[in-house]
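**Q** One structure coming up, written as C-alpha cells, with questions to follow.
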Amino acid sequence: MFEVGAWRVPSVKRLLRASVAGAPAVVPQRRGSRDEAPGRPRHLAIIMDGNGRWAALRGLPRTRGHQAGVLALPRVVDTALEEGIEHLSLFFFSTENWNRPRGEVAALMRLTAQLADVFRGYGERGVRLRWLGSEARLPRATLAALRRAEAETRHNRAMTLAFCFNHGGREEIARAAGSLARATAEGALDPGAIDEAVFTRHLPHADLPDIDMLVRTSGEQRISNFMLWRAAYAELFFVDTLWPDFTGEELRTLLAAFAARERRFGAGVGC
C-alpha cells in the first residue's frame, strides 16, 4: 500500500522550485516556417513511465519513484526550450489511473497541485502552461492550481507546456462528439459539414497542433489512450530508460533520430 506519510512532498517542492528558479535564462531557437526546420518536431509529447519500477529496482517505496520522476522534469523542459520546441505535452495522470490505490491517487493529486504552482516559475521564461484533462473527480485544490497556472501564463509564447492530467484520449474525443451533437441540435452546425477540421475545432484546446513526435519511457510499447486524435501521424519512440533516469541528452539523441526519419503522411510509394 502507498504510504502517503512517507512521501516528503514539501522537500520535492523546494528542490523543484530551486531548479526552476536557478536555471539560466533560455532563449529558444527562433523558428520560421515548418519548411525551414523540417527535422524539428513542432509538438513533442512524452508519456513519462517507469517511476514505480525505478523505485522497486532500488528497494524503495513507490513514493520515492514518483519523487525522482518529478525531479527529472526540469531537465526535459529546459532541453525542449533550448531546442526550440513550440509545444511540449507531458502525460502526468490518465483517466484510468483512478484505479490505483487511493493513497497513491491522493498523493499524486497533492503533488500535481504543487507542481502546477512550482512550474509557474517557467512563466518568467516565456513558457505558457496549459492543462488538458477532465475536471471530473479532481480535488478543488488541484483544479485551482492548474487553473491558476493557466491564467498567469496565458500570454507567454516561448513554448507551450501542456499538463496532461486526468486526461484520456477517448474521453477527449467523446467530449468533442458531444459538442458537435449540441451544435447540430441547436441548428448552429450542418451535420453534412462535419469533417476532420471541424471535429478538431471541437476538441479541448483546439489550437494545440497534432503531435509530431511521441516518446514513451520504461520500455512499454503502447500509447495508453493518450491524445488519440492528435497522435494519428506521430513518430513513435519507445525507450527502455525509466522516467527518473531520462535526461536532456537522451532527449537530444531522440530529436536527432526524429530528424533522420522521412515523414510521408501516407504519400509514400508502395505498401
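**Q** Give the residue, chosen from F92, F119, that is outside any helix (DSSP H, G or I) and either touching a residue at least 24 places away in the same chain (Cβ under 8 Å) or crowded, with 21+ Cβ neighbours inside 10 Å (or both). Quick ask: steps written out before the conclusion?
**A** Values: F119 fails: outside any helix (DSSP H, G or I).
Selected residue: F92, the only one of F92, F119 that is outside any helix (DSSP H, G or I) and either touching a residue at least 24 places away in the same chain (Cβ under 8 Å) or crowded, with 21+ Cβ neighbours inside 10 Å (or both).
**Q** Separate question: With the requirement that a residue be within 23 Å of H167 (Cβ to Cβ), outside any helix (DSSP H, G or I) and open to solvent by 70 Å² or more (accessible area, probe 1.4 Å), what does segment 40-65 give you?
**A** Start the filter on segment 40-65 by keeping residues that are within 23 Å of H167 (Cβ to Cβ), which leaves 41-54, 62-63, 65.
Still in the list and also outside any helix (DSSP H, G or I): 41-50.
Hit for segment 40-65 is R42, nothing else.
**Q** When you look at H87, is it modelled with pLDDT of 90 or more and under 27 Å from L255 (Cβ atoms), yes or no? It would help to see each step written out before you state the result.
**A** Values: modelled with pLDDT of 90 or more: yes; under 27 Å from L255 (Cβ atoms): yes.
Here the answer is yes, as H87 does meet what is asked.
**Q** For segment 123-137, enumerate the residues that are among the aliphatic types (A, V, I, L, M) and open to solvent by 20 Å² or more (accessible area, probe 1.4 Å). Before you say what the answer is, go through the steps one by one.
**A** Step one: filter segment 123-137 for residues among the aliphatic types (A, V, I, L, M), giving 127, 129, 132, 136.
If the condition is that a residue be among the aliphatic types (A, V, I, L, M) and open to solvent by 20 Å² or more (accessible area, probe 1.4 Å), then A136 is the only one that fits.
**Q** Same structure, new question: What is the one condition in (1) at pLDDT 95 or above; (2) more than 19 Å from E124 (Cβ to Cβ); (3) open to solvent by less than 20 Å² (accessible area, probe 1.4 Å) that T79 does not satisfy?
**A** (2)
The values are calculated or read from the model by the stated rules, or taken from the named source; none is laboratory data. All of these numbers come straight from a predicted model, not from anything done at the bench. No Cβ is skipped: glycine too gets one built from the backbone with ideal geometry, and neighbour counts run over all protein chains shown. Surface accessibility is based on the protein's heavy atoms, side chains included, excluding ligands, DNA and RNA. Shrake-Rupley method; radii C 1.70, N 1.55, O 1.52, S 1.80 Å.
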